[in-house]
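Below: one structure, written as structure tokens.
The values are calculated or read from the model by the stated rules, or taken from the named source; none is laboratory data. Computed from a prediction, not measured in an experiment: that's the story for all the values here. Because the Cβ atoms are built from the backbone with ideal geometry, glycine has one as well, and the counts that use them run over all protein chains shown. SASA here: full protein model, heavy atoms, side chains in, ligands and nucleic acids out. Shrake-Rupley method; radii C 1.70, N 1.55, O 1.52, S 1.80 Å.
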Amino acid sequence: MSGAPAAPAVHDALALIELDAVATGLRCVDAMVKRAAVELLEANLVEPGRFLVLFAGDVAEVEESFAAAVEVAGDALVGRMMLPYVHPALLGGLRGAELRASADALDTLGVIEGTGVASVLEACDRCLKDAGVTLVGLRVAGGLGGRAFFLVCGAQHDVEAAIEVGTAVLARHAQLHRTECIARPHAELVPWLLRPSPFQLR
């Protein structure tokens, strides 16, 4: 009997490791899935020659797999992130879910860009938890030179608060690139920014 595709699993935790070698990255993937029952969301190359491994699951299982991956990675590890109680919209954004709203509904748009994928995901999680904003979209793309960015929308004061929160997270990691606050964005701006990404999860 055929039916609609199964909905993505609901997870409590999200983790990412970033390595400077594909070979070691693949060994890490093997170690982490052997250690605990986690869902591998993506394992892929981004510029400049970094291999990203992104996975999710229940908190205890992700912590176990994360520890195993970090141990195997050794000196190939260049970045890491562990979010034990991740905001559900962040996982949706990684899977390609985007805000389907007219430009009239977008009062203010905030763009937060960082130079490290792990720190950008952490910043996005904190913005969604600490400020009254909605995630519009998230991009981790090979053409960004290892950078990533996300977009949030809401009332101007909420977007400004989100930018302040995101800036603090990225500055703590010394990976803040740039932020912008755009009032009343043009109708064609958001669809153009969120055109298909080579790192979009399925």
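Note on the stretch 29-127: with charges restricted to the Cβ of Lys and Arg (+1) and Asp and Glu (-1), its dipole about the Cα centre is near 80 debye. Of the residues 188, 63, the one with the largest accessible area comes first in the ranking 188, 63, computed with a 1.4 Å probe on protein heavy atoms. Largest accessible area first, the listed residues 75, 12 line up as 75, 12 when surface is computed with a 1.4 Å probe on the assembled protein chains. The modelled label-to-label distance for the pair residue 156/residue 107, using points 7 Å beyond Cα in the direction of Cβ, is 1.0 nm. A straight line joining the Cα centroids of the stretch 21-44 and the stretch 116-181 runs 26 Å.
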